[in-house]
1. Look at residue 142 and say whether it is surrounded by 17 or more Cβ atoms within 10 Å (Cβ to Cβ) and at pLDDT 85 or above.
2. Give the residues of the stretch 5-44 that are out of contact with any helix residue (DSSP H, G or I) (no Cβ under 9 Å at 6 or more places or on another chain) and either surrounded by 12 or more Cβ atoms within 10 Å (Cβ to Cβ) or modelled with pLDDT of 90 or more (or both), sorted by residue number.
3. Of 76, 81, 108, 113, which residue is assigned to a helix (DSSP H, G or I) and farther than 16 Å from residue 32 by Cα?
4. Can you say whether residue 121 is on the phi > 0 side of the Ramachandran plot and at pLDDT below 90, as far as the supplied structure shows?
5. Restricting to the stretch 1-37, name every residue that is under 18 Å from residue 108 (Cβ atoms) and touching a residue at least 60 places away in the same chain (Cβ under 8 Å).
């Protein structure tokens with residue numbers, strides 16, 4: 001059930017930012033809400049829900065980008081599993097850590113997309129040197145992650161059951 005909630009929430013955010021991007025001349029610098037959602041899930045859930053969430057959001061983002069089936073899915077799943085494995089080895093937490101992890105992951109995600117698209121004979125490219133540095137997109141995504149972190153934390157508290165030990169007198 002929580003996977004469905006995160007996929008719907010991530011897709012609504014992706015749709016919103018895509019709509020905003022159609023009205024702006026710097027749409028290539030907009031934050032990537034799918035990566036924000038996947039990184040949040042990867043730092044708090046087990047591998048199966050992380051993979052399912054990344055696969056679903058990658059599929060939806062790939063259809064929106066008119067990319068070949070499997071490109072966005074594979075890149076987002078690889079990044080999600082990388083975040084999952086890395087987060088288990090780091091002692092970081094909190095909103096700032098989440099924003100930094102999200103900024104780094106969006107850079108890795110776009111780099112993987114570029115490498116795979118070029119490797120299969122595509123004509124992938126960047127619109128300019130600023131876009132090719134991937135830093136503007138990472139900063140925009142990290143800034144949105146700072147704002148979305150409290151909202152996602154509320155969603156997480158609603159979805160996860162509280163574990164309490166109580167005495168039973170029955």
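The values are calculated or read from the model by the stated rules, or taken from the named source; none is laboratory data. This structure is a prediction, so every number in the text was calculated from the model and none was measured. Reconstructed Cβ throughout: ideal geometry from the backbone, glycine too, with neighbour counts over all protein chains shown.
1. Considered against the rule, which asks whether it is surrounded by 17 or more Cβ atoms within 10 Å (Cβ to Cβ) and at pLDDT 85 or above, residue 142 comes out as yes.
2. The one that is out of contact with any helix residue (DSSP H, G or I) (no Cβ under 9 Å at 6 or more places or on another chain) and either surrounded by 12 or more Cβ atoms within 10 Å (Cβ to Cβ) or modelled with pLDDT of 90 or more (or both): 8.
3. 81
4. yes
5. 28, 29, 30, 31, 32, 33, 35, 36, 37
So that you can scan it fast, the table gives a plain yes or no per residue for (1) in a helix (DSSP H, G or I); (2) over 12 Å from the mean Cα position of the chain (by Cα):
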{"site": "37", "(1), (2)": "yes, no"}
{"site": "49", "(1), (2)": "yes, yes"}
{"site": "52", "(1), (2)": "yes, yes"}
{"site": "55", "(1), (2)": "yes, no"}
{"site": "68", "(1), (2)": "no, yes"}
